[in-house]
1. Output the residues belonging to the range 114-144 that are open to solvent by 60 Å² or more (accessible area, probe 1.4 Å) and under 16 Å from the mean Cα position of the chain (by Cα).
2. Looking for something touching a residue at least 24 places away in the same chain (Cβ under 8 Å), out of contact with any strand residue (DSSP E or B) (no Cβ under 9 Å at 6 or more places or on another chain) and surrounded by 11 or more Cβ atoms within 10 Å (Cβ to Cβ) - is there at least one such residue anywhere in the range 163-172?
3. With the condition kept exactly as written, say whether any residue in the range 106-124 is within 15 Å of Pro26 (Cα to Cα), modelled with pLDDT of 85 or more and in contact with a Ser or Thr (Cβ under 6 Å, 6 or more places away or on another chain).
4. Report every pair of residues separated by at least 6 positions or lying on different chains whose Cβ atoms are under 6 Å apart, first residue within the range 74-95 and closer than 15 Å to Val44 by Cα, second of a type in the set (S, T, N, Q) and open to solvent by less than 60 Å² (accessible area, probe 1.4 Å).
5. Would the range 13-24 turn up any residue that is in a helix (DSSP H, G or I) and of a type in the set (Phe, Trp, Tyr)?
6. Which members of the range 65-79 meet the condition of being open to solvent by less than 30 Å² (accessible area, probe 1.4 Å) and modelled with pLDDT of 90 or more?
7. Got a sec? Which of Phe27, Phe46 is under 16 Å from Gly140 (Cβ atoms), modelled with pLDDT under 85, part of a helix (DSSP H, G or I) and open to solvent by 50 Å² or more (accessible area, probe 1.4 Å)?
Amino acid sequence: MEYLLIFIAAIFVNNVVLSQFLGICPFLGVSKKIDTAMGMGAAVTFVLTLATIVTYLIQIYVLDPFGLQYMQTLAFILVIAALVQMVEIILKKASPALYQALGIFLPLITTNCCVLGVAILVIQKDYNLLQSVDYAVATGIGFALALVIFAGIREQLALVKIPKGMQGMSVVLVTASLLALAFMGFSGLEGGLRTLFGLD
């Protein structure tokens with residue numbers, strides 16, 4: 001049940017983009033079309049899960065035993081950069097259309113603070129490997145969900161007449177803030193579920 005609560009909380013309650021404000025660059029940059037948003041969401045979820053597993057193992061079996069915890073951020077950034085390069089090569093061969101659609105935004109995963117943030121958060125939260133994977137997958141799904149919803153809204157906004165003062169990035173930021181407010185409605189969900197299942 002603990003795994004289910006971590007999963008639900010990471011998607012809705014502590015959404016990485018709308019509650020923790022990590023991964024804003026791709027959230028604003030790749031959210032013009034639903035197809036691109038879904039591709040980016042899938043790529044981030046894959047990299048996030050893989051990066052969390054690898055960085056967790058590096059932390060537990062390399063950094064902690066040798067007292068190199070101060071190297072955590074640097075080591076994690078190097079691992080994430082290598083994984084993104086691997087995903088880029090795989091996408092180029094497996095799905096050239098998606099690779100072309102993502103274009104410049106694929107390298108953004110390397111500098112996406114969402115990936116690094118999750119890798120560090122699972123260590124800070126003292127999760128075991130299974131909990132870390134659960135949290136990473138759920139965070140990736142939450143990121144993809146926020147991206148796809150936002151892309152859908154932006155596609156609809158492109159069809160309506162927007163006042164001149166609100167055109168461009170203004171309406172995008174107002175829409176993002178309203179979406180974040182909507183997700184705040186889930187804030188009591190985790191506590192309610194913990195009480196319901198007697199996990200407090």
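1. Ile141
2. Looking for residues that are touching a residue at least 24 places away in the same chain (Cβ under 8 Å), out of contact with any strand residue (DSSP E or B) (no Cβ under 9 Å at 6 or more places or on another chain) and surrounded by 11 or more Cβ atoms within 10 Å (Cβ to Cβ), one finds at least one in the range 163-172, hence yes.
3. No.
4. Partner pairs satisfying both residue conditions: Val79/Thr55; Ala81/Thr110; Val84/Thr110.
5. No, there is no match, as no residue in the range 13-24 is in a helix (DSSP H, G or I) and of a type in the set (Phe, Trp, Tyr).
6. Once the filter is applied, which keeps residues that are open to solvent by less than 30 Å² (accessible area, probe 1.4 Å) and modelled with pLDDT of 90 or more, the range 65-79 yields Ala75, Phe76.
7. Details: Phe27 fails: open to solvent by 50 Å² or more (accessible area, probe 1.4 Å).
The unique qualifying residue is Phe46.
Yes/no matrix, rows are residues, columns are (1) in contact with an Asp or Glu (Cβ under 8 Å, 6 or more places away or on another chain); (2) assigned to a helix (DSSP H, G or I); (3) open to solvent by less than 50 Å² (accessible area, probe 1.4 Å):
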residue: Lys32; (1), (2), (3): yes, no, no
residue: Ala37; (1), (2), (3): no, yes, yes
residue: Val87; (1), (2), (3): no, yes, yes
residue: Lys92; (1), (2), (3): no, yes, no
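The values are calculated or read from the model by the stated rules, or taken from the named source; none is laboratory data. Computed from a predicted model, the values in this text were never measured in an experiment. Neighbour counts run over all protein chains shown; Cβ positions are idealised from the backbone, glycine included. We work out accessible area using only protein heavy atoms, side chains counted, and drop any ligands, DNA or RNA first. Shrake-Rupley method; radii C 1.70, N 1.55, O 1.52, S 1.80 Å.
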